[in-house]
1. Could you work out [θ]222 nm for the chain from helices alone, using -39500 (n - 2.57) per DSSP H run of at least four and dividing by all its residues? Round to the nearest 500 deg cm²/dmol.
2. Taking amide hydrogens as modeled 1.01 Å from N in the peptide plane, which residues meet the under 5 Å criterion relative to LEU199, leaving out close sequence neighbours?
3. Run the quick spin-label model on SER263 and LEU224: label points 7 Å from Cα toward the beta carbon, then report their separation in nm to one decimal.
4. How would GLU198, GLU80 line up by accessible area, probe 1.4 Å, largest first?
5. Filter the cross-link list LYS85/LYS185; LYS85/LYS267; LYS85/LYS317; LYS85/LYS277; LYS52/LYS185 down to pairs whose alpha-carbon distance in this structure exceeds 31 Å.
6. Tally the DSSP beta bridges in the chain and give the antiparallel ones as a percent, rounded to 5.
7. Let me check against my output: what whole-number percent is the relative contact order of the chain, with C-alpha pairs under 8 Å and at least 6 apart?
8. For the stretch 4-335, divide the Cα radius of gyration by the Kirkwood radius and give the resulting Rg/Rh value with two decimals.
Amino acid sequence: MFTDTATQAVSTLIDNFGREISYLRLSITDRCNLRCRYCMPEEGVTFLDHSKILSYEEMETLVRVALRLGIKKVRITGGEPFARKGCMDFLERLKLQLGVPALHVTTNGVVLQQYLADLKRIGISGINLSLDTINRGRFENITRRDQLDSVLSSFYEALRLSIPLKVNSVIQADTTDDEIVELAKLITMHPVSLRFIELMPFSGKKSGADNTPAISVEERLRSLFPGMTEISSDVIETARIFHIPGAAGTVGIIEGHSRKFCSTCNKIRITSQGILKTCLYDRGVCDLRSLIREGADDEQVANVIVNRVSKRYEHGKLAEEKTLQTPVQETMSRIGG
Ligand code: SAM
Ligand code: SF4
């Protein structure tokens, strides 16, 4: 348990550059029911042994500590979170027992539909649905699985239930203009935020990302939607938001590879193995799983997190330079995108 002094001392988590940390992204599995080509290699994927993955109980300990440290928003991600048995019950405990103020989940939507009513009931704050294309052949080509119909069913059911929804689409070199325009039709009709994500070098390949588009996502969108105007910067979501005339929803750009939002970054990550990352581009700064398994109590875990946050890199380029071996071989499915 926390002592009063410790609770007071760390009720707001602030890093060494004065950035307040209020957002935790927690990956609950490295496994997935898709094999997106920019996230996982086609073959030879080695999944972590179950004993190396945080148990739900361990993750609840970490979320409890995080809340005491001032974290207000928790995003559950993976791998595919709903591919892990018990994910829905875990989300329910996080919301209804631990009282996470803003609970979000990032999912590929393949098996999401069956959980949507429960997600609505527990008061999920939002779902980020990953969908790169609504062309069936391309979907299979990118994800290596024929599951577009299930994803679209989840999309429409989430809309019907009025669950706040964002659609995330990774832009690759071979993403066609038609695909982007077809995706954008989703926001013409529906109040959805469609965010285009820059490809990042986390495919697990030795050569890093090899499908990076030659022009920026912004240039691409501006040429396709000339009337597009920037309306805001969503610092929390690290997205720039744009309006397209006549659209019910918005378009966003997440410039994760350009690293334009580092100065306001409010996130920490915990991987499914319990590795704390204070930057997407670092190699992990602490093994929280071992700490818990060695018997550390909440206060000791909190102190370690506070300590690591006080040694954060100023920006992602520096974190990459200092800690990553190049080329990058980490996969996003392991990190928890
Ligand atoms: N399986 C879930 C999903 O796909 O939404 C959650 C985990 S996935 C790793 C989270 C997000 O990371 C997805 O939106 C995916 O498109 C994105 N992602 C994965 N690899 C990426 C990469 N190399 N560059 C940019 N985004 C990537
Ligand atoms: Fe799975 Fe998500 Fe990675 Fe695709 S992006 S392979 S759905 S974890």
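1. Rounded to the nearest 500, it is -8500 deg cm²/dmol.
2. Correct list: ILE171.
3. Label at SER263, label at LEU224, 3.0 nm between them.
4. The residues order as GLU198, GLU80, largest area first.
5. Violating the 31 Å Cα-Cα cut-off are LYS85/LYS185; LYS85/LYS317; LYS52/LYS185.
6. 35
7. This gives 23 percent for the chain.
8. Reported Rg/Rh (Cα atoms, Kirkwood Rh): 0.95.
The values are calculated or read from the model by the stated rules, or taken from the named source; none is laboratory data. Values in this document were obtained by computation on a predicted structure and should not be read as measured data. All Cβ positions, glycine included, derive from the backbone under ideal geometry; neighbour counts span all protein chains shown. Ligands, DNA and RNA are excluded from the accessible area calculation, which covers all protein heavy atoms including side chains. Shrake-Rupley method; radii C 1.70, N 1.55, O 1.52, S 1.80 Å.
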